[in-house]
1. Looking only at segment 214-233, count every residue that is under 20 Å from Gly99 (Cβ atoms) and either in contact with a Ser or Thr (Cβ under 9 Å, 6 or more places away or on another chain) or not in a helix (DSSP H, G or I) (or both) and tell me the total.
2. When segment 290-300 is examined, which residues are found to be of a type outside the set (D, E, K, R) and surrounded by fewer than 18 Cβ atoms within 10 Å (Cβ to Cβ)?
3. Name the residue that is nearest to the chain's Cα centre (by Cα), counting only residues in segment 386-399 that are more than 13 Å from Phe40 (Cα to Cα) and modelled with pLDDT of 85 or more.
4. Within segment 166-175, is there a residue that is farther than 29 Å from Asn60 by Cβ, in contact with a helix residue (DSSP H, G or I) (Cβ under 7 Å, 6 or more places away or on another chain) and outside any helix (DSSP H, G or I)?
5. Return the residues of segment 161-178 that are surrounded by 15 or more Cβ atoms within 10 Å (Cβ to Cβ) and farther than 23 Å from Leu112 by Cα; say none if nothing qualifies.
6. Kindly provide the set of residues from segment 231-246 that are surrounded by fewer than 18 Cβ atoms within 10 Å (Cβ to Cβ) and touching a strand residue (DSSP E or B) at 6+ places or on another chain (Cβ under 9 Å), ordered by number.
7. What pairs come up if the first residue lies in segment 227-244 and is over 22 Å from Ile83 (Cα atoms), the second is polar (S, T, N, Q) and surrounded by fewer than 17 Cβ atoms within 10 Å (Cβ to Cβ), and their beta carbons are under 9 Å apart, counting only those six or more places apart or on different chains?
8. For segment 333-382, give me each residue that is on the phi > 0 side of the Ramachandran plot and not small (Gly, Ala, Ser).
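The values are calculated or read from the model by the stated rules, or taken from the named source; none is laboratory data. Worth saying up front: this structure is predicted, and the values here are computed from it rather than measured. Neighbour counts are summed over all protein chains in view; Cβ atoms, including those assigned to glycine, are modelled from backbone coordinates with ideal geometry.
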Amino acid sequence: MYNKQNTRNQSRSKWRNNRQRNYRNNNRNFSGDKININRFVNRAVSIEETEVFIPQNSFNDFNLHSKLKQSIFDRGYKNPTPIQDQAIPAILKGSDLIGLANTGTGKTGAFLIPIINKILVNPQEKVLIVTPTRELAIQIQEELLALTKNLRISSVVIVGGANIQPQIKGLRSNPNLVIGTPGRLRDVISRKILDLSKFNNIILDEADRMLDMGFINDVKLFLSLISPKRQVLLFSATLSSEIEKLVGQFLKNPQRISIRTSETSSQVEQDIVKISSTEDKTDVLHNLIIQTHFEKVLVFTRTKHGADKLSKKLSQKGLKSEAIHGNKSHNKRQRALKMFKENNINILIATDVASRGLDIPSVSHVINFDIPATYDDYIHRIGRTGRADKRGIALTFVE
């Protein structure tokens, strides 16, 4: 038993090292300082100026199970968003799909609604949803549970940083949906606890982020292991050459839907804050946040150490904040997010672990304390504000 466990640990360690090396190689040239700062400045369009979207369909128009329609309305969904309006009918027809849309446009509902319907029609359907971060996986699970209340659909979240034993127990209960992050999914597959050959649906959410984080080989593995008769749904903000290769290799005549109207949301006012050589960045941040209109602030730093250091400095100045990053334990990350979502704190300091996919209600300001590595990262960071028809403000510190 000791030798088997030791070999398994060595194998996992080798895999992690290889993935981390690939990630470092892909990101070794930090380019944030080369981004033209004018791209961080953009006037928001008022809600009145925004063109009103009129969906071609209502939720009643979709060929959905009556119980699911009731759940949708109970959840408070009124009309389909643009991505939902186009993606739901295509997924219901069984097409493979590539969905490109700006952040905060309802992508989760766009794939969950037709997938839930598929399970209601055939309870033997099995679905794998792969996400880049544990926070996003848990968020998808929360939305799934809200939409499937009393529908007898089972699911389990498989993410790193949390106790694996309850996750193994959940897998052995034969759930309809498995929602997980690549590392932990690969772990349970190697233990022969998860057999993907029984799965005929796979959803890759925030696919571009997974490739950025060095998960390309894991994604290829999952796609190669699921049933040949399958439906593949890929959602992403950008369509890189690597994603195109995946599409060519694993998707069959996919329908492409692009709802990207602009690089950033028109509801986000964007500006820069110039920091002089005589100013302390933390002091500047403190003086901004204490203004009354800074109601709920998400601050991004470049490094994990920087996030912890900044949170400590703000606390010393009398401001309650929490830090979230990859070195934090699963429980601490979830606790910090919960406190921020429930307004127990109004400042969350984060690395880019929080920049993708997370739906945090009513973030009034996103502040880039450190310039992001790429403009794509910038787009995702500021996408945490200006959501659900609300205005938001994004500020980037420039030295």
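1. So the answer is 6.
2. If the condition is that a residue be of a type outside the set (D, E, K, R) and surrounded by fewer than 18 Cβ atoms within 10 Å (Cβ to Cβ), then Ile290, Gln291, Thr292, His293, Phe294 are the ones that fit.
3. So the first thing to find is which residues in segment 386-399 are more than 13 Å from Phe40 (Cα to Cα), and the list is 386-392, 399.
Remaining after also requiring modelled with pLDDT of 85 or more: 392, 399.
Numbers: Gly392: 19, Glu399: 30 Å.
That would be Gly392.
4. Within segment 166-175, none of the residues are farther than 29 Å from Asn60 by Cβ, in contact with a helix residue (DSSP H, G or I) (Cβ under 7 Å, 6 or more places away or on another chain) and outside any helix (DSSP H, G or I).
5. Across segment 161-178, the qualifying residues are Gly161, Ala162, Ile164, Ile168.
6. Of all residues in segment 231-246, those surrounded by fewer than 18 Cβ atoms within 10 Å (Cβ to Cβ) come to 238-242, 244-245.
Of everything in segment 231-246, those that are surrounded by fewer than 18 Cβ atoms within 10 Å (Cβ to Cβ) and touching a strand residue (DSSP E or B) at 6+ places or on another chain (Cβ under 9 Å) turn out to be Thr238, Leu239.
7. Cβ pairs passing all conditions: Ser227/Ser197.
8. The answer is Asn343, and nothing else.
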